[in-house]
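These notes concern the structure reproduced below.
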Amino acid sequence: MPDIHAAAEALRARGFEAHCFDTAAQAAAYLLEDMPAGQTVAIGGCMTAREMNLDAQLREAGHAVLWHWDVPHAERHAVLHEAMNAPLYVTSVNAMTTDGLMLNIDGTGNRVAAMCYGPETVYILVGRNKLVEGGYQQAVRRVKQVACPQNARRLSLDTPCANGPCDVSACKKPMCNVIVSLEHPLTGHRICVMLIDEDLGY
Ligand code: SF4
């Protein structure tokens, strides 16, 4: 299993802010302490945040939370747009290489867009299960072989990867419409990566 502390060093060498936590509870406590009081927090599609029950903790601490997962379908589009202008954004990654590349897929594009432009502070939660040895191609492999299949089954999507290997030619409604690799912090943004020594999300 790759070491989160070595990965944090690689992230810092790339210019990212990186912190390590033994548990998700410790990571949540850091977030609540670090976020300015009362600021709105948007959350991208993020099973890690769901498993951490982060939205409830943020609301309890007095933050307004924008999360398209938690609103009626009719409000979803508006919330996605509002989230792009939130001061704080929380998301995870689908894969992170031990040398500090962070890869995310997106079907709609909201999450990768917000990570790159919009919110001034982006918190990225990375469970140890997201770390991969090797480079970009290994990370893409994790995305296609681990993240996509589990998401497809969660959402009951009829994609080839839900029940077998990826087959692009037979995939009528892919969720991996875009893959973004963060290599360095975006200019003018604070990107705070929080590595957690637990398995979280997919
Ligand atoms: S292209 Fe389709 S089958 Fe392949 S990983 Fe993406 S969603 Fe799954």
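The values are calculated or read from the model by the stated rules, or taken from the named source; none is laboratory data. If you're wondering where the values come from, they're calculated on a predicted model, not measured in any experiment. A quick note on method: Cβ atoms are made from the backbone with ideal geometry, for glycine too, and the neighbour counts reach across all protein chains shown. With ligands, DNA and RNA removed, areas are computed over all heavy atoms of the protein, side chains included. Shrake-Rupley method; radii C 1.70, N 1.55, O 1.52, S 1.80 Å.
Here is the figure for the range 14-46: residues that are in contact with a Ser or Thr (Cβ under 8 Å, 6 or more places away or on another chain) and surrounded by fewer than 18 Cβ atoms within 10 Å (Cβ to Cβ) total 0. So ASN110 clears everything in (1) in contact (Cβ under 8 Å) with a residue 24 or more places away in the chain; (2) surrounded by fewer than 17 Cβ atoms within 10 Å (Cβ to Cβ) except one condition, right? Which one? Of the numbered conditions (1) in contact (Cβ under 8 Å) with a residue 24 or more places away in the chain; (2) surrounded by fewer than 17 Cβ atoms within 10 Å (Cβ to Cβ), the odd one out for ASN110 is (2).
With respect to the numbered conditions (1) in contact with a strand residue (DSSP E or B) (Cβ under 8 Å, 6 or more places away or on another chain); (2) small (Gly, Ala, Ser); (3) under 30 Å from GLN39 (Cβ atoms), which one is the sole condition not fulfilled by ALA139? That leaves (3) as the condition not met.
Kindly indicate whether any position in the range 109-119 is touching a helix residue (DSSP H, G or I) at 6+ places or on another chain (Cβ under 9 Å), part of a helix (DSSP H, G or I) and more than 22 Å from LEU155 (Cβ to Cβ). So far as the range 109-119 goes, no, none of its residues is touching a helix residue (DSSP H, G or I) at 6+ places or on another chain (Cβ under 9 Å), part of a helix (DSSP H, G or I) and more than 22 Å from LEU155 (Cβ to Cβ). Against the conditions (1) assigned to a loop (DSSP other than H, G, I, E, B); (2) in contact with a strand residue (DSSP E or B) (Cβ under 8 Å, 6 or more places away or on another chain), ALA147 satisfies every one except (1). Among the numbered conditions (1) charged (D, E, K, R); (2) within 28 Å of GLN39 (Cα to Cα); (3) more than 16 Å from the ligand (Cβ to nearest atom), the only one that ARG111 does not meet is (3). Residues in the range 154-186 that are open to solvent by 50 Å² or more (accessible area, probe 1.4 Å), of a type in the set (A, V, I, L, M, F, W, C) and assigned to a loop (DSSP other than H, G, I, E, B): 4 in all.
Just need a number here: residues in the range 113-136 that are buried (at least 17 other Cβ atoms within 10 Å of the Cβ) and in contact (Cβ under 8 Å) with a residue 60 or more places away in the chain. Give the steps one after another, and end with the answer.
Pass one, the range 113-136, residues buried (at least 17 other Cβ atoms within 10 Å of the Cβ): 113-115, 118-119, 121-132.
Filter once more, keeping what is in contact (Cβ under 8 Å) with a residue 60 or more places away in the chain: 114-115, 119, 121-132.
Residues that pass the stated criteria total 15.
Picking from residues in the range 56-90 that are within 17 Å of PRO36 (Cα to Cα) and of a type in the set (D, E, K, R), the one that is most open to solvent (accessible area, probe 1.4 Å) is GLU60.
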